[in-house]
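The block underneath contains the structure these notes are about, expressed in structure tokens.
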Amino acid sequence: MRPGKLLLTGAHRGAILVYVVFALFPLFWLLKVSVTPNDLLYSEGVRMWPSRTTFEHFDFVIAHSAFPTFFKNSLIVSGATAIVVTILASLSGYALSRFSFKAKYWIVALMLITQMFPLVMLVAPIFRMLSPLGLTNSLTGLVIVYSAFNVPFATFLMQSFFDGIPKDLEEAAMIDGATQFVAFRQIILPLTLPGIAATLGFVFTAAWSELLFALMLISGNDAATFPVGLLTFVSKFSVDFGQMMAAGVLALIPACLFFLLIQRYLVQGLTAGAVKG
Amino acid sequence: MASIDIESVRKSYGPFPVLHGVDLTIKDGEFIVLVGPSGCGKSTLLRMIAGLEEVTSGEIRISGNRVNDLAPKDRDIAMVFQSYALYPHMSVADNMSYSLRLRKTAKEKIASAVGAAATKLGLDPLLERRPKALSGGQRQRVAMGRAIVRQPKAFLFDEPLSNLDARLREQMRAEIKKLHADLKATSIYVTHDQIEAMTLADRIVAMHGGIVQQVGSPLELYDTPANLFVAGFIGSPGMNFLEGRYVVSAEGDGKGASEGAGIRLSDGTVVPVARRTDIQPDAAVTLGIRPEHVVISDTGMLEASVDLVEPTGFGIILHLSLHGLPFKIFTLDRDALSAGPKVRVDFPRKYLHVFDEKGDRAD
Ligand SMILES: Nc1ncnc2c1ncn2[C@@H]1O[C@H](COP(=O)(O)OP(=O)(O)OP(=O)(O)O)[C@@H](O)[C@H]1O
Ligand SMILES: [Mg+2]
């Protein structure tokens with residue numbers, strides 16, 4: 001390698017490294033505070049790692065707080081939302097990608113409009129709608145609200161994945177004897193697995209970290225999700241940083257596991273070899 | 001196996017007409033080749049027969065049954081796409097057997113049908129591979145295999161060989177011809193390639209601007225093109241055209257006054273032609289002659305200047321200017337390589353084509 005090129009490669013790697021450090025530093029800080037004993041939290045100044053570490057915060061959060069309930073609720077809400085949204089979005093995304101129909105333009109416009117309003121504006125009307133139906137203070141209500149908010153974006157996401165799959169494939173399947181739906185299920189869906197994984201992951205994390213509606217629609221600990229639960233560590237006079245961070249670290253685990261699970265679909269280019277390469 | 005009837009079929013995309021009334025009767029077992037310039041509606045016609053596009057008006061019948069409103073799956077035809085459209089998540093064997101599996105064919109039957117097709121196409125060692133692990137030529141074969149495993153009523157091909165290199169194309173062309181001789185299935189084949197059209201077709205359908213220009217055997221289209229479009233489209237290098245006026249006089253070529261008809265070119269030269277009955281004297285006409293029919297001779301009646309000499313190996317293409325217009329000659333005579341700045345040419349009368357003002361053939 002020529003020295004100029006070497007320098008360029010070095011600079012490139014360096015830039016990536018700086019970015020990664022920048023992005024991961026808050027997570028590191030989360031971890032650091034979660035293992036710092038309370039008495040050292042303010043007394044040691046700014047240090048990269050406390051002189052003594054402890055797991056007492058984790059112990060407290062798991063054994064003596066309502067956190068496991070929050071955790072379970074969040075898992076149910078996020079999982080259900082992700083599945084519901086992905087199913088709806090693959091069907092609607094496929095329709096937008098493959099069919100031309102009269103109201104298509106207006107449906108797309110309408111979906112874009114729903115994305116334009118700040119969510120805060122919608123809290124009161126949604127509360128008014130859900131409360132007579134008995135859907136406030138319930139996980140089902142949250143799943144419905146989250147699904148409604150995520151379907152438009154997920155639809156566009158799925159549409160772009162379907163757009164990337166040549167139309168020839170399902171036409172070939174239809175000539176081979178499949179109906180359009182069978183062609184969709186047996187030929188197109190398997191090829192869209194990366195898109196489905198991306199949509200699942202995107203919606204799951206969005207629902208997992210949603211605070212505003214969870215806070216407004218849920219009162220009491222029974223149906224609270226974990227972002228709401230985190231607020232219980234904030235009392236009138238102090239914030240229990242250690243326990244809060246420990247809960248935060250625990251909350252990262254399912255999201256990490258989830259992405260580990262789907263990452264092989266995210267990186268796989270399944271359509272390779274479909275048409276002339 | 002089936003006949004296909006296409007009756008005043010039209011197609012518009014919204015307000016844009018693409019096909020303006022196509023009529024075509026395809027006999028059982030016939031091999032039809034559709035040719036025409038890009039955008040003339042060949043693929044559209046093929047896809048309408050397959051059921052992938054709706055018919056705006058007119059009727060398509062397969063074995064005498066109207067299929068306008070049948071879904072592709074109910075028409076029992078097979079299609080080979082230009083892109084091959086192999087299912088990337090299935091092995092070669094699964095790609096080929098998909099249509100049979102959809103029809104709930106018995107396992108043993110599927111295995112024997114796939115086996116037979118694979119042997120015919122030399123795909124036996126590749127059956128377990130995925131399409132992405134195949135070369136272009138192998139993918140092409142799999143696409144063919146997928147079409148032949150079930151015996152469909154008809155085969156449709158949309159430029160199936162255009163993604164292959166020249167050598168492979170030649171080889172596959174021969175294989176398709178053999179396959180057709182073997183299966184005797186009704187086939188419709190779209191291509192841009194002159195040689196494919198000439199060698200494969202029982203009949204060629206030449207299309208232009210959504211209208212069928214001529215239907216006939218390859219040699220019919222070559223020898224007696226119905227109009228200027230077909231004359232210019234079939235054959236490579238393409239036919240030469242010269243503008244002139246049809247004259248009937250005693251001058252003739254001096255060999256017989258009874259045949260005293262000719263075309264007077266812009267410089268006054270009269271090129272003798274056989275007498276035509278369907279044009280009036282002094283009408284504006286176009287004279288056509290294929291490059292391979294022009295004769296170079298020292299006593300030729302026209303003089304042309306040589307612009308370019310192109311040896312193709314097989315023969316030589318001379319690019320000339322005749323009255324300032326481009327004009328081509330194709331000859332096997334190696335002496336043409338050293339042609340001077342000027343050559344004299346003659347037009348043998350039996351190879352001349354005359355087209356009237358509207359561009360239609362005049363006989
Ligand atoms: N979905 C569509 N909407 C509007 N016009 C279309 C559509 N599909 C095709 N066309 C038009 O129809 C005409 C015929 O297209 P077609 O694909 O049949 O041409 P073709 O003869 O197969 O050309 P090529 O040799 O380039 O494949 C073209 O002018 C094209 O622009
Ligand atoms: Mg085409």
- [ ] Tell me the chymotrypsin sites (Phe, Trp or Tyr not before Pro) within region A:21-110 that lie in a loop according to DSSP and have at most 13 other beta-carbon atoms within 10 Å.
- [x] A:42, A:55, A:99, A:101
TODO: Give a residue-ordered list of calculated ³J(HN,Hα) values for region B:270-277 (Karplus: 6.51 cos²θ - 1.76 cosθ + 1.60, θ = phi - 60°; whole Hz; x for Gly, Pro).
DONE: 10, 8, x, 9, 5, 5, 9, 8
Task: For region B:148-277, the Rg and Dmax computed from alpha carbons only, in angstrom - done: 20.6, 66
- [ ] Give me the compactness ratio for region A:1-110, meaning the Cα radius of gyration over 2.2 N^0.38 Å.
- [x] 1.89
Open item on the list: Can you find, among B:140, B:36, A:15, the residue sitting farthest towards the positive end of the charge dipole of the protein assembly as shown, where Lys and Arg contribute +1 and Asp and Glu -1 at Cβ?
Closed with: A:15
TODO: At a probe radius of 1.4 Å, figure out the A/B buried accessible area, summed over both chains, and give it in Å² to the nearest 100.
DONE: 2200 Å²
Open item on the list: Using a 1.4 angstrom probe on the protein heavy atoms only, could you order B:223, A:176 from most to least accessible area?
Closed with: B:223, A:176
Task: For the protein assembly as shown, alpha-carbon Rg relative to the globular expectation (2.2 N^0.38 Å, N residues) - done: 1.43
Open item on the list: If Rh is defined by the Kirkwood formula over all Cα pairs and Rg also comes from Cα, what ratio Rg/Rh do you get for chain A?
Closed with: 1.06
Open item on the list: Taking a cut-off of 13 Å, what percent of all Cα-Cα pairs in region A:8-55 are separated by more than that?
Closed with: 62 percent
Open item on the list: So if I average 1/r over every pair of distinct C-alpha atoms in chain B and take the inverse, what Kirkwood radius in Å does that give?
Closed with: 23.2 Å
Task: For region A:177-206 versus region A:32-78, the gap between their alpha-carbon centres in whole angstrom - done: 39 Å
Open item on the list: Using a 7 Å offset from Cα along Cα-Cβ at residue B:274, what residues in region B:216-249 end up with backbone N under 14 Å from the label point?
Closed with: B:223-225
Task: Helix-only mean residue ellipticity at 222 nm for chain B, each DSSP H run of n ≥ 4 adding -39500 (n - 2.57), per residue, nearest 500 - done: -7000 deg cm²/dmol
TODO: Return the subset of B:107/B:177; B:42/B:153; B:27/B:104; B:104/B:184 for which the Cα-Cα distance in this structure is over 28 Å, preserving the input order.
DONE: B:107/B:177; B:27/B:104
Open item on the list: Could you tell me the calculated FRET efficiency between residue B:195 and residue A:8, based on Cβ-Cβ distance and R0 = 41 angstrom, to the nearest 0.05?
Closed with: 0.20
TODO: Take the Cβ-Cβ distance between residue A:111 and residue A:133 as r, set R0 to 41 Å, and report the resulting FRET efficiency rounded to the nearest 0.05.
DONE: 0.95
Task: Largest-first ordering by accessible area, 1.4 Å probe, given options B:139, B:203, A:128 - done: A:128, B:203, B:139
Task: Helix-only CD estimate at 222 nm, as mean residue ellipticity for chain A, using -39500 (n - 2.57) per DSSP H run (n ≥ 4) - done: -23000 deg cm²/dmol
Task: Degrees separating the helix B:92-102 axis from the principal Cα axis of chain B, which is the longest one - done: 70 degrees
Task: Amide hydrogen neighbours beyond the local backbone of residue B:213, cut-off 5 Å, H modeled - done: B:206, B:207, B:208
TODO: On a 0 to 90° scale, report how tilted helix A:193-208 is relative to the longest principal axis of chain A, with both axes built from alpha carbons and the result rounded to the nearest 10.
DONE: 40 degrees
Task: Solvent-accessible area of residue B:301 with every protein chain in place, 1.4 Å probe, in Å² to the nearest 10 - done: 60 Å²
- [ ] Calculate the spin-label point distance for residue A:63 paired with residue B:312, positioning each point 7 Å from the Cα along the beta-carbon direction, and give it in nanometres.
- [x] 9.1 nm
TODO: Return the distance in nm (one decimal) between the two label points of a simple spin-label model at residue B:165 and residue A:264, each offset 7 Å from Cα along Cα→Cβ.
DONE: 3.7 nm
Open item on the list: Solvent-accessible area of residue B:120, probe 1.4 Å, all protein chains present, reported in Å² to the nearest ten, please.
Closed with: 100 Å²
TODO: Sort A:168, A:163 from largest to smallest accessible area, using a 1.4 Å probe on the heavy atoms of the protein chains.
DONE: A:163, A:168
TODO: Provide the per residue accessible area, probe 1.4 Å, for chain A, rounded to a whole number of square angstrom.
DONE: 55 Å²
Task: For region B:1-21 and region B:71-109, distance of Cα centres in Å - done: 26 Å
TODO: Compute the distance in nm between two label points, each set 7 Å from the Cα along the Cα-to-Cβ direction, one at residue B:325 and one at residue B:357.
DONE: 1.7 nm
Open item on the list: What is the distance in Å between the Cα centroid of region B:291-363 and that of region B:126-145?
Closed with: 45 Å
- [ ] Multiply the residue separation of residue A:237 and residue A:53 by 0.36 nm, subtract the distance between their alpha-carbon atoms, and state the gained length in nm to one decimal.
- [x] 63.7 nm
TODO: Give the angle, between 0 and 90 degrees and rounded to the nearest 10, that separates the Cα long axis of helix B:136-148 from the longest principal axis of the Cα atoms of chain B.
DONE: 70 degrees
Open item on the list: With a cut-off of 8 Å between alpha carbons and a minimum separation of six or more residues, what is the relative contact order of region A:65-272 in percent?
Closed with: 35 percent
Task: All aspartates and glutamates inside 18 Å of residue B:120 as judged from Cα atoms, apart from same-chain residues fewer than 8 positions distant - done: B:94, B:128, B:170, B:175, B:182
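The values are calculated or read from the model by the stated rules, or taken from the named source; none is laboratory data. Not measured: the values here are computed from a predicted model. Cβ sites come from the backbone with ideal geometry, for glycine too, and all protein chains shown count toward neighbours. Areas reflect the complete protein model, heavy atoms only, side chains present, ligands, DNA and RNA absent. Shrake-Rupley method; radii C 1.70, N 1.55, O 1.52, S 1.80 Å.
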